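Undergrad: Dropping the structure in here first, questions after.
Nothing in this text is a laboratory measurement; each read-out follows from the coordinates by a stated rule. These figures come from a predicted structure and were not determined experimentally. We place every Cβ from the backbone using ideal geometry, glycine too, and count neighbours over all the protein chains shown.
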Amino acid sequence: MSATAPRWRAGDLAERFALELRGDPDQSVAGVATLALADAGQLSFLSNPQYRAQMQGSRAGVIVLRADDAPLRNGTALIARDPYVAYAQIAALFEAQPAAAAGIHPSAVVDASATIAPGASIGPLCVVEAGTVIEQGAVIGPGCVIGPDCTVGADSRLVARVTLVTRVRLGKRVLVHPGAVIGSDGFGLAFERDHWIKVPQLGGVRIGDDCEIGANCTIDRGALEDTVLEEDVRLDNQIQIAHNVFIGAHTAMAGCSAVAGSARIGRYCLIGGAAGILGHLSIADRVTVTAMSLVTHSLTAAGEYSSGTPIQENRQWRRNAARFRHLDELARRLKALEKDSAP
Amino acid sequence: MSATAPRWRAGDLAERFALELRGDPDQSVAGVATLALADAGQLSFLSNPQYRAQMQGSRAGVIVLRADDAPLRNGTALIARDPYVAYAQIAALFEAQPAAAAGIHPSAVVDASATIAPGASIGPLCVVEAGTVIEQGAVIGPGCVIGPDCTVGADSRLVARVTLVTRVRLGKRVLVHPGAVIGSDGFGLAFERDHWIKVPQLGGVRIGDDCEIGANCTIDRGALEDTVLEEDVRLDNQIQIAHNVFIGAHTAMAGCSAVAGSARIGRYCLIGGAAGILGHLSIADRVTVTAMSLVTHSLTAAGEYSSGTPIQENRQWRRNAARFRHLDELARRLKALEKDSAP
Amino acid sequence: MSATAPRWRAGDLAERFALELRGDPDQSVAGVATLALADAGQLSFLSNPQYRAQMQGSRAGVIVLRADDAPLRNGTALIARDPYVAYAQIAALFEAQPAAAAGIHPSAVVDASATIAPGASIGPLCVVEAGTVIEQGAVIGPGCVIGPDCTVGADSRLVARVTLVTRVRLGKRVLVHPGAVIGSDGFGLAFERDHWIKVPQLGGVRIGDDCEIGANCTIDRGALEDTVLEEDVRLDNQIQIAHNVFIGAHTAMAGCSAVAGSARIGRYCLIGGAAGILGHLSIADRVTVTAMSLVTHSLTAAGEYSSGTPIQENRQWRRNAARFRHLDELARRLKALEKDSAP
């Protein structure tokens, strides 16, 4: 952190985030750190109860915690209903966002028919193609390619080397990480006798306000209608979203998960890492899918769903896996025994 | 769609694609849409019988359908053996391909020893390195890096931000989507006592005519001989192809699937999303592997193959998964019971 | 291979790599090839015993092999304890590394506050941002974006189109393949009543000497402390490493594997392709995880671990998978039968 990092009084943090202060309102905070590493000039937080002992030994100048845990704290504390949320808000004060000068970098190649809002920033070595609109406050980081007929909403940020292919509409405050590709051709093929022919992908992609798209994600545009992410959808890295998928607001997906064409995912869902969702099915609101599970049919009720088998020492696993190959026969043999032993 | 979008008479479409017309040959078609959303100036199609009711209520000016379904249609229809194929061909007429001016964009960096055909297009901020050949009609979109000793065949298109590392040969009409990396080092390592040493990757990659490579795919070059995709291989997004893999013509792979080194996949295979294929094995022609299955041994006969367990509500799944850990013991106990109860 | 490829005498190779020579020390070697394809001017190797017959028919001028296999060889041979290691070392002599001119390409955009060592190479269309250091002998290939406050260690090589986002420290001789994104935001979210808020990701990434990062990998920076790869960690393509992961030295991970946040992986581990490791758990040194397995709890002992079920013809698999849904009930029924049949 540079010498010009901001400093906050504990009392001012309490006021700004409507938290109750216990201890010294003049305690100065110059940054945030883990309970284990924080020094007297830093703020930390206790969210997970298993770190209580660590909290009691922490040298942090201020600790954000629940009222229940406050008696365990000797020094200055900020009391929060949800310490992790309060910590996130406070930490944002100490995040040095890279400066992005408004205007178009001289090395960028911008089509004459593109509309760049005066306060937007187009970074070095970007390409912006015909008919595209970059709204006020949007930041297009270095090396991005924004194809034709796209819109990047106000205050959105494409970190670096993002590609929007065509007919992509990003809402406001959308954050897209490097390497993401949005609006590429959906995987539409028709089989004609002995070879494939390509089905034109004439739709686009619509991404709602406050969405976040992770590094190296791919989101294909629709075949006829659009691929849609409602607002506040959060995608981790390397996620694949096929054409005409619909993802409801506030759904979060962990890294390497994938959704096949025309699947519809509800709101407030949590999709685990490397989980897969087959095409043309529907997932209700507030469904959780655990990591590496494969959803093969629609899930019509909220709840948690899983597939797969547990990790085991390989030799044991081999024996069990070999039995799985004959599980149906095994069940039939059990049934036969039951019949035999019936009175 | 812009005001200059093309318009077609239904009769002309019938003639061009050798389809039987029923209804008004002068019906004008200005675009394509789904059955549900098409208006009187648009063409739609009925391929999946479950949309028959939707077809009957559709306002589409023209509908492509099978002869069997024609009696259900009131308005103008085009009769096709395979309506999806006919639709794909017609829709291509309405696809506005981004214009790519022939020649080298002034911002591109092209090595003096590269050969760029006069009709090829090198987009803004591309790099083309020594000894590389870009053939007639090829389009290198913005931000691509084409390393040394590569060939991009006639009429191929690298949409944007594609990387060909070295010794990559693309056939004709190959389409590569953004973020794809072709010709990177294969993952060749030799373990020397206490550390890894790198095995040089001296081969290349050969990709046949009419292949399509999805966004953010990776295809490594061979260790000594080449990694090979025959013609008309279709890769969805985020697919990983390791060194020295061979993929037969007309095979299609869905998103996030992966093939380990030196595996050989036949022709006309269908590999499901996130499926994995281990190294040094062989898959026959016309094999289908379902999503997220792991192929651990060679598959010598055409057919459909699967692994994994079904998705379930998590509490039930946990109980079943716990039993899987002891499946072998369970089978032994069943065997013992059978012996006991034998007459 | 160009006409200027190097030539080596077999005797000089023996001396250089401390191998025993059998046969003609003047045998000339102009390149390397497989046993099947090598000609009299090329060197090949026999490591896997199943290729013995192929070795005996090989036209290779020199073959590297184990002492045990030497009697089977008619022509010139080099005897190695580990022929694959010796082959890798010899092959490196024949690898034409693309030349990288020292200095900054005129098309690159380098911040005035960045430090570029005189012998480093910054390729065309690169961006290097504020405060970043590129050390002696490092090669930044075309189209890379190196964000602020990064260090690229001496003799490291970023092949092309690599992104280092911020606070990334690469050691010496690190090799990063195209499309890799290192230092992107970790996926840190806090749920506030009805929407997500972002948790600032204030840490960085530290990557040790001699690491290799595959194409289109993503490695997020830490939330507070750093994400760490110790020395000689080898990542294949499309691997996802979440924030605050720690990977011990000499661990190798195959393509498409993924590690969730704050997991700790030991030294000398082998992680199979598309395997997943959940967050906040710990894996001992020398653990092997087989392909597409999911590690859901800490693994405290060295060994090989697996999950999943075997690939089967789909019809059989369906029957077995259906039984898995009721495996717990099946086990209970077996238990009941055992009670009944107890004497």
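Undergrad: Short version: ³J(HN,Hα) in whole Hz for each residue of segment B:312-318, in order, from phi by Karplus 6.51 cos²θ - 1.76 cosθ + 1.60 (θ = phi - 60°), x for Gly and Pro, what are they?
TA: 9, 4, 4, 5, 4, 4, 4
Undergrad: Quick one: which residues, 5+ away or cross-chain, put their amide H under 5 Å from the amide H of residue C:247? H built at 1.01 Å from N.
TA: C:228, C:229, C:230, C:265
Undergrad: Given springs between every Cα pair under 10 Å in a Gaussian network model of chain B, which of B:227, B:166, B:309 has the largest fluctuation?
TA: Result: B:309 has the largest fluctuation of those listed.
Undergrad: Tell me the Kirkwood hydrodynamic radius of segment C:223-268 in angstroms, computed as one over the mean inverse distance between distinct C-alpha pairs.
TA: Result for segment C:223-268, one decimal place: 10.5 Å.
Undergrad: Answer with one residue from A:253, A:148, A:158: the one whose Cα lies farthest towards the positive end of the charge dipole of chain A, charges on Cβ with Lys, Arg +1 and Asp, Glu -1.
TA: After comparing all options, I get A:253.
Undergrad: Continuing with the same structure: Which order, highest average first, do C:53-64, B:105-116 follow once you tally other Cβ atoms within 10 Å for each residue and take the mean per peptide?
TA: Top of the packing list down: C:53-64, B:105-116.
Undergrad: Ratio of segment A:222-343's C-alpha Rg to 2.2 N^0.38 Å, to two decimals?
TA: Normalised Rg, Cα atoms only: 1.39.
Undergrad: Amide H neighbours of residue B:176 under 5 Å, counting only residues 5+ apart in sequence or on other chains, H built in-plane at 1.01 Å?
TA: Placed amide hydrogens put B:157, B:158, B:159, B:213 under 5 Å from residue B:176.
Undergrad: May I pose another question? So for the protein assembly as shown: antiparallel DSSP bridges make up what percent, rounded to the nearest 5?
TA: Here the antiparallel bridges make up roughly 15 percent for the protein assembly as shown.
Undergrad: Let me ask something else. Among A:237, A:74, A:216, which one shows the biggest mean-square fluctuation in a GNM of chain A, springs joining Cα atoms closer than 10 Å?
TA: Taking springs between Cα atoms under 10 Å, the residue moving most is A:74.
Undergrad: Give the percent of DSSP beta bridges with both residues in segment C:119-199 that are antiparallel, rounded to the nearest 5.
TA: Close to 20 percent.
Undergrad: How large is ³J(HN,Hα) for each residue in segment C:152-165, as worked out from phi by the Karplus curve 6.51 cos²θ - 1.76 cosθ + 1.60 (θ = phi - 60°), to whole Hz, x for Gly and Pro?
TA: Here the 3J(HN,Hα) series is 10, x, 4, 6, 6, 9, 9, 4, 5, 6, 8, 10, 9, 7 Hz.
Undergrad: With the cut-off at 1.5 for a/c, could you classify chain A from its C-alpha gyration tensor as rounded, prolate or oblate?
TA: Oblate is the answer for chain A, as a/c is 1.5 or above yet b/c matches or exceeds a/b.
Undergrad: Also, I was wondering about something else. Using Cα springs under 10 Å in a Gaussian network model of chain B, which residue among B:177, B:195, B:280 shows the largest mean-square fluctuation?
TA: Of the options given, B:195 has the highest mean-square fluctuation.
Undergrad: Convert each backbone phi in segment A:324-335 into a coupling constant with the Karplus relation 6.51 cos²θ - 1.76 cosθ + 1.60 (shift: θ = phi - 60°), then list the ³J(HN,Hα) values in order as whole Hz, x for Gly and Pro.
TA: The phi angles translate into 4, 4, 10, 5, 5, 4, 4, 5, 5, 5, 4, 4 Hz.
Undergrad: Obtain the radius of gyration and the Kirkwood radius of segment A:159-289 from its C-alpha atoms and give Rg over Rh.
TA: Over the Cα atoms of segment A:159-289, Rg/Rh equals 0.97.
Undergrad: Let me ask you something else. Among the DSSP beta bridges whose two residues both lie in segment A:103-305, what percent are antiparallel, rounded to the nearest 5?
TA: Of the beta bridges lying entirely in segment A:103-305, close to 5 percent run antiparallel.
Undergrad: Sticking with this one: To one decimal place, what Kirkwood hydrodynamic radius in Å is obtained for segment A:93-246 from all pairs of distinct Cα atoms?
TA: Taking every pair of different Cα atoms in segment A:93-246, averaging 1/r and inverting gives 15.5 Å.
Undergrad: If you filter segment B:196-259 for GluC sites (Glu not before Pro), then keep DSSP loop positions with at most 13 other Cβ within 10 Å, what is left?
TA: Sparse-neighbourhood loop GluC sites (Glu not before Pro): none present.
Undergrad: Report the extension gain between residue C:336 and residue C:92 in nm, rounded to one decimal, defined as 0.36 nm multiplied by the number of residues separating them, less their alpha carbon distance.
TA: Extending this stretch completely gives an extra 81.3 nm.
Undergrad: Something else about it: Which of C:128, A:67, B:311 sits farthest toward the positive end of the charge dipole of the protein assembly as shown, with +1 on the Cβ of Lys and Arg and -1 on the Cβ of Asp and Glu?
TA: Final value for the positive-end residue is B:311.
Undergrad: Could I ask something else about it? For a quick size check, give me the Cα extents of segment A:1-116 along its three principal axes, largest first, whole Å.
TA: Extents along the principal axes: 64, 28, 25 Å.
Undergrad: Expressed in nm², what is the orientationally averaged projection area of the convex hull enclosing the Cα positions of segment A:46-165?
TA: Projected over every direction and averaged, the Cα hull of segment A:46-165 covers 9.9 nm².
Undergrad: Additional query: Could you give the size of the charge dipole of chain A about its Cα centre, using +1 on the Cβ of each K and R and -1 on the Cβ of each D and E, expressed in debye and rounded to the nearest 20?
TA: Approximately 1100 debye in magnitude.
Undergrad: Now a separate question. I need the shape label for segment A:1-67. Rule: rounded when a/c is under 1.5, else prolate if a/b > b/c, else oblate, with a, b, c from the alpha carbon gyration tensor.
TA: The shape class here is oblate.
Undergrad: Something else: Over the whole of C:129-141, what's the average partner chain Cβ count within 10 Å per residue? Rounded to a whole number, please.
TA: 1
Undergrad: Given the -39500 (n - 2.57) contribution per DSSP H run of 4+ residues, what per-residue ellipticity at 222 nm results for chain B, rounded to the nearest 500 deg cm²/dmol?
TA: Taking each H run of at least 4 residues, the total per residue is -4000 deg cm²/dmol.
Undergrad: For segment B:106-171, which trypsin sites (Lys or Arg not before Pro) are in a loop by DSSP, counting at most 16 other Cβ atoms within 10 Å?
TA: Taking segment B:106-171 and a limit of 16 other Cβ atoms within 10 Å, no loop trypsin sites (Lys or Arg not before Pro) are found.
Undergrad: With a cap of 14 neighbouring Cβ atoms within 10 Å, and only residues DSSP puts in a loop, list the GluC sites (Glu not before Pro) found in segment B:64-148.
TA: Here the GluC sites (Glu not before Pro) that fit, given the DSSP loop and packing criteria, are B:95.
Undergrad: How long are the three semi-axes of the equivalent ellipsoid of the protein assembly as shown, in whole Å, if each is the root of 5 times an eigenvalue of the C-alpha gyration tensor, listed from largest down?
TA: 39, 39, 38
Undergrad: Taking amide hydrogens as modeled 1.01 Å from N in the peptide plane, which residues meet the under 5 Å criterion relative to residue B:183, leaving out close sequence neighbours?
TA: Answer set, sorted by chain and number: B:165, B:219, B:220, B:221.
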